[in-house]
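Only the coordinates and a few stated rules stand behind these numbers; no lab work does. Because the structure is a prediction, the values reported are computed rather than measured. Here the Cβ positions follow ideal geometry from the backbone for every residue, glycine too, while neighbour counts run over all protein chains shown.
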């Protein structure tokens with residue numbers, strides 16, 4: 001297992017090592033894993049690059065990722081609570097449709113989604129990326145599994161005390177599914193942070209683009225001769241996701257395990 005872990009993390013370590021090399025060391029033969037001299041100027045060059053406004057694109061990606069994550073946690077948790085703890089006509093059929101949405105490839109919905117976004121007048125707006133991410137079949141399924149693990153006696157006791165359904169959801173059950181919210185939040189944020197096709201499809205203005213588009217643009221401007229600076233930009237772009245995953249990996253693993261519970 002240790003060897004597998006080292007093998008998986010090796011590309012990231014190599015990328016970090018290369019990002020600290022001098023331009024003349026990027027193509028040296030024979031290649032060395034560690035640079036002979038550490039050059040942090042590559043990171044400053046990316047942040048101060050006249051070709052792209054890296055801090056602006058970073059903020060754009062952060063804004064979209066956070067709003068989409070918070071919105072999805074709210075909508076999916078409410079739907080999951082309803083499917084897990086409420087009894088209403090058509091509940092199982094509706095939940096099956098949520099699960100079926102997970103089987104539909106994203107490429108199939110691109111044209112209908114584009115037409116809807118255009119009719120709403122959201123082309124070239126960050127909301128064109130945020131609104132489609134406010135719900136997900138996987139998120140509803142994942143959080144429903146967490147709600148099913150909670151004892152029904154909590155709801156019965158809350159009803160005796162006069163609590164309504166929203167009070168039971170918001171004040172009693174939702175704090176108990178924190179690990180599930182953390183796992184879904186990490187999945188959602190990572191998906192939005194790495195989203196390349198969405199910004200390419202919906203955004204037009206230069207000042208509204210996101211980091212994945214910025215990286216491609218930067219690579220085109222600098223060319224293969226500036227490999228160290230390009231990898232420095234990549235390291236800066238994966239840093240938020242890497243930190244979020246390192247701190248929340250136990251919730252991610254627990255969330256994946258709970259999706260296999262029998263319902």
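How high is the FRET efficiency between residue 99 and residue 6 when r is their beta carbon distance and R₀ equals 35 Å, given to the nearest 0.05? Spell out each step's value before the answer.
Working: r = 37 Å, r/R0 = 1.06.
The pair residue 99/residue 6 has a calculated efficiency of 0.40.
Of the listed values [x] 57; [y] 65; [z] 61, grab the one calculated as percent of Cα pairs over 22 Å apart from the structure here. Among [x] 57; [y] 65; [z] 61, the one calculated here is [y].
Once you have the Cα-Cα distance between residue 118 and residue 217, take 0.36 nm times their residue separation minus that, and quote the gain in nm to one decimal. Please report the intermediate quantities before stating the final value.
Working: separation 99, 0.36 × 99 = 35.64 nm, distance 2.54 nm.
Length gained between residue 118 and residue 217: 33.1 nm.
Relative to the longest principal Cα axis of the chain, at what angle does helix 227-258 sit, 0 to 90 degrees, rounded to 10? Once rounded, the angle reads 20 degrees.
Taking Cα atoms only, the orientation of helix 211-222 departs from the longest principal axis of the chain by about 10 degrees. When the Cα gyration tensor is reduced to axis lengths a ≥ b ≥ c, the ratio a/c is 1.5 or higher for segment 1-131, and with a/b above b/c it is classed as prolate. Return one number: the angle in degrees, 0 to 90 and rounded to the nearest 10, between the long axis of the Cα atoms of helix 178-193 and the longest principal axis of the Cα atoms of the chain. Helix 178-193 and the main axis of the chain meet at about 40 degrees.
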